[in-house]
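Take a look at the structure set out below.
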Amino acid sequence: MTTTNIEMASFRLKPEIEETVFVAASDRFQREFLNGAPGFLSRELLRGADGVYLDLIHWRSKEDAEAMMKTAATSPDCAAYFALMDLQGAEMRHFESLAVYQGL
């Protein structure tokens, strides 16, 4: 059975970072790093009412996600994006998709 892998990163922005600057950096990260990456399916950036952000990335497989995590460690595009985050208390987890339900 082939299942997709969802990478979930939760974090806050550094206090001095404006959301518009962060979203622009997210756009660059998407364009320069994720677009065309092997196994990349989709991504969603979310903001909670409590100031916590979620970056959800859907991968074809956990192996694809892990391979890109290794590449991220040396990517200047990733470094620029991550530099805007307060990584104290940040969390990254991977989930295996069991079922997908579409709305009408």
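Any read-out appearing in this document is the output of simple, stated calculations on the displayed coordinates, not a laboratory observation. Fair warning: this is a prediction, and the values are worked out from it, not measured in the lab. When we count neighbours, we look across all protein chains shown, and the Cβ atoms used for this are built from the backbone with ideal geometry, even at glycine.
On C-alpha positions alone, give me the angle between the axis of helix 62-72 and the longest principal axis of the chain, in degrees, nearest 10. Rounded to the nearest ten degrees, it is 30.
When the helices of the chain are scored as -39500 (n - 2.57) per DSSP H run of n ≥ 4 and the total is divided over every residue, the value at 222 nm lands at -8000 deg cm²/dmol. A quarter of the convex hull surface defined by the alpha-carbon atoms of the chain gives 7.8 nm² as the mean projection. Highest mean first, the peptides 57-63, 25-31, 40-46 sorted by other C-beta atoms within 10 Å per residue fall in the order 57-63, 25-31, 40-46.
Both the radius of gyration and Dmax for the range 53-104 are 13.8, 42 Å, in that order, over alpha-carbon atoms.
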